[in-house]
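The values are calculated or read from the model by the stated rules, or taken from the named source; none is laboratory data. Bear in mind the structure is a predicted one, so any value in this text is a computation, not a measurement. Positions of Cβ are backbone-derived with ideal geometry, glycine not excepted, and every protein chain shown enters the neighbour counts. Ligands, DNA and RNA are stripped out before the accessible areas are found, and what is left, the full protein with its side chains, is counted by its heavy atoms. Shrake-Rupley method; radii C 1.70, N 1.55, O 1.52, S 1.80 Å.
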Amino acid sequence: MEKEDHIQQLINTAKAMVADHKGLVAIDESVATLNKRFEGSGIEQTEENRRAYREVLITTPGIGEYINGAILFDETVYQKTASGTPFLEVMNKAGIIPGIKLDEGTEDLAGFPGEKVTKGLDDLAERLTGYAKLGLKFAKWRAVILIDGLTLPSDACLVSNAHALARYAAACQRAGIVPIVEPEVIMDGDHNIERCAEVTEKALRILFEQLYLLKVELGGLILKPNMILPGAGSAQKVDADRVAALTVQTLRNAVPATVSGVAFLSGGQDALAATKNLNAINLTYKAELPWPVTYSFSRALHQPALELWKGKAENVKAAQESFLELAKANRLARKGEFK
Ligand code: 13P
């Protein structure tokens with residue numbers, strides 16, 4: 001019975017992460033990534049500014065109406081508001097489930113020039129025990145899959161990354177933490193949308209085979225895929241209906257119905273495009289989707305807030321309003337009601 005209780009708890013958490021037509025927010029940019037975004041907006045790259053920015057987001061009044069959970073980066077787990085309240089306490093009060101990014105970025109995949117495999121498996125069990133004790137309920141691991149029109153990704157890249165994702169997911173579930181599995185087929189490149197569909201379907205089929213081999217409970221995980229899009233450098237023009245049709249077809253072909261939820265990354269799309277695409281998916285295909293389909297965006301939820309904030313106290317209100325507005329829009333899109 002003990003094992004069944006353990007699994008039921010994972011399923012309950014996974015379902016709570018995608019409940020009530022809400023979604024997730026990723027505020028788990030690594031130090032290097034957030035510093036790069038700060039640099040782009042003329043914000044000084046300090047730990048204090050990273051803390052202050054995360055405080056702006058998690059203390060946004062009313063954000064719990066639109067966000068079920070937030071993915072954190074390690075340094076954020078231990079940080080406090082300027083007035084001394086631990087972030088985890090603020091989140092729990094706002095009804096935001098705390099999660100943690102567990103991957104440690106990528107390294108070159110030996111023998112496959114240009115391709116990457118995600119790091120972080122070595123001390124995973126110990127890190128999971130520590131985070132579970134602190135009250136973190138879910139985790140994230142991102143695989144980076146580079147694509148071109150013909151040869152990339154290699155099967156070796158797809159299998160290596162899927163295997164790492166499955167080992168991570170199994171370790172999470174063992175620790176009572178729900179894994180978000182994120183095989184991201186990157187938007188960079190000049191490939192067309194059909195190629196993105198073909199590669200994403202293959203990546204997902206290989207991923208679910210590995211999850212099966214590693215005995216991962218599909219009800220106790222959330223899939224975080226890319227939407228199906230033409231490469232950022234492609235001249236191909238597609239509308240939200242085409243994105244929705246190919247995204248739904250791809251997911252339905254490759255994702256078992258027992259998965260508790262699908263929460264997209266935004267991948268570098270602008271905020272409005274990501275919202276419109278999510279809306280088209282839920283508006284047109286609601287009846288055909290066996291899982292809740294929602295958002296787990298970073299940039300499409302709060303890049304505009306970062307640009308408004310600029311590291312200055314007097315801009316906090318404007319930044320929070322922007323974050324709240326985008327969260328609201330995406331909650332509508334999650335219901336197919338965004339106009
Ligand atoms: P974006 O929505 O900016 O793609 O970020 C999502 C994420 O968590 C990347 O790992």
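I'd like the residue in segment 5-28 that is buried (at least 22 other Cβ atoms within 10 Å of the Cβ) and of a type in the set (D, E, K, R) and, out of all such residues, is nearest to ILE180 (Cα to Cα).
Within segment 5-28, the match that is nearest to ILE180 (Cα to Cα) is ASP28.
Within segment 276-284, is there a residue that is open to solvent by 40 Å² or more (accessible area, probe 1.4 Å), within 20 Å of THR13 (Cα to Cα) and touching a residue at least 40 places away in the same chain (Cβ under 8 Å)?
Kept after step one, since they are open to solvent by 40 Å² or more (accessible area, probe 1.4 Å), are these residues of segment 276-284: 276, 283-284.
Applying the additional criterion that residues be within 20 Å of THR13 (Cα to Cα) yields none.
There is no residue in segment 276-284 that is open to solvent by 40 Å² or more (accessible area, probe 1.4 Å), within 20 Å of THR13 (Cα to Cα) and touching a residue at least 40 places away in the same chain (Cβ under 8 Å).
In segment 75-89, how many are closer than 18 Å to ASP103 by Cα and surrounded by 16 or more Cβ atoms within 10 Å (Cβ to Cβ)?
Within segment 75-89, residues that are closer than 18 Å to ASP103 by Cα and surrounded by 16 or more Cβ atoms within 10 Å (Cβ to Cβ) number 2.
Would you please name the residue that is farthest from PHE138 (Cα to Cα), looking only at residues in segment 220-232 that are of a type in the set (A, V, I, L, M, F, W, C) and surrounded by 22 or more Cβ atoms within 10 Å (Cβ to Cβ)?
Quick first cut of segment 220-232, residues of a type in the set (A, V, I, L, M, F, W, C) only: 221-223, 227-229, 232.
The next check asks that each one be surrounded by 22 or more Cβ atoms within 10 Å (Cβ to Cβ); those that pass are 221-223, 227-229.
On the way: LEU221: 9, ILE222: 9, LEU223: 12, MET227: 22, ILE228: 25, LEU229: 28 Å.
Here the answer is LEU229.
Suppose we filter VAL56, VAL18, VAL31, VAL25 for residues that are within 17 Å of ASN315 (Cα to Cα) and modelled with pLDDT of 95 or more; which single one remains? Can you show your working first?
Working: VAL18 fails: within 17 Å of ASN315 (Cα to Cα); VAL31 fails: within 17 Å of ASN315 (Cα to Cα); VAL25 fails: within 17 Å of ASN315 (Cα to Cα).
Sole residue among the options that is within 17 Å of ASN315 (Cα to Cα) and modelled with pLDDT of 95 or more: VAL56.
Can you name the number of the only condition in (1) within 15 Å of the ligand (Cβ to nearest atom); (2) buried (at least 19 other Cβ atoms within 10 Å of the Cβ); (3) in a loop (DSSP other than H, G, I, E, B) that VAL262 fails?
If we test VAL262 against (1) within 15 Å of the ligand (Cβ to nearest atom); (2) buried (at least 19 other Cβ atoms within 10 Å of the Cβ); (3) in a loop (DSSP other than H, G, I, E, B), just (3) comes out false.
Examine segment 144-159 for a residue that is over 21 Å from VAL25 (Cα atoms), among the hydrophobic types (A, V, I, L, M, F, W, C), within 16 Å of the ligand (Cβ to nearest atom) and open to solvent by 20 Å² or more (accessible area, probe 1.4 Å), and state whether such a residue exists.
Yes, there is a match, as at least one residue in segment 144-159 is over 21 Å from VAL25 (Cα atoms), among the hydrophobic types (A, V, I, L, M, F, W, C), within 16 Å of the ligand (Cβ to nearest atom) and open to solvent by 20 Å² or more (accessible area, probe 1.4 Å).
In segment 202-219, is there at least one residue being open to solvent by 10 Å² or more (accessible area, probe 1.4 Å), within 13 Å of the ligand (Cβ to nearest atom) and not in a helix (DSSP H, G or I)?
The answer is no, given that none of the residues of segment 202-219 is open to solvent by 10 Å² or more (accessible area, probe 1.4 Å), within 13 Å of the ligand (Cβ to nearest atom) and not in a helix (DSSP H, G or I).
Which one of GLU314, GLU307, GLU321 is over 24 Å from THR13 (Cβ atoms), out of contact with any helix residue (DSSP H, G or I) (no Cβ under 9 Å at 6 or more places or on another chain) and assigned to a helix (DSSP H, G or I)? Quick ask: steps written out before the conclusion?
Numbers: GLU307 fails: out of contact with any helix residue (DSSP H, G or I) (no Cβ under 9 Å at 6 or more places or on another chain); GLU321 fails: out of contact with any helix residue (DSSP H, G or I) (no Cβ under 9 Å at 6 or more places or on another chain).
Answer to the check: GLU314.
Restricting attention to segment 178-201, and to residues there that are assigned to a helix (DSSP H, G or I) and in contact with a helix residue (DSSP H, G or I) (Cβ under 7 Å, 6 or more places away or on another chain), which single residue is most open to solvent (accessible area, probe 1.4 Å)? Full working, then the answer.
Start the filter on segment 178-201 by keeping residues that are assigned to a helix (DSSP H, G or I), which leaves 193-201.
Going one step further and asking which of them are in contact with a helix residue (DSSP H, G or I) (Cβ under 7 Å, 6 or more places away or on another chain), we end up with 193, 197, 200-201.
Working: ILE193: 0, ALA197: 11, THR200: 5, GLU201: 39 Å².
This residue is GLU201.
Considering only residues that are open to solvent by 10 Å² or more (accessible area, probe 1.4 Å) and either farther than 18 Å from LYS328 by Cβ or outside any loop (DSSP other than H, G, I, E, B) (or both), which ones fall in segment 293-303? Walk me through how you get there before you give the answer.
Restricting attention to segment 293-303, the residues satisfying the condition of being open to solvent by 10 Å² or more (accessible area, probe 1.4 Å) are 298-299, 303.
Of everything in segment 293-303, those that are open to solvent by 10 Å² or more (accessible area, probe 1.4 Å) and either farther than 18 Å from LYS328 by Cβ or outside any loop (DSSP other than H, G, I, E, B) (or both) turn out to be ARG299, GLN303.
Taking the condition of being farther than 24 Å from ILE11 by Cα, open to solvent by 70 Å² or more (accessible area, probe 1.4 Å) and part of a loop (DSSP other than H, G, I, E, B), how many residues in segment 233-259 meet it?
So the answer is 3.
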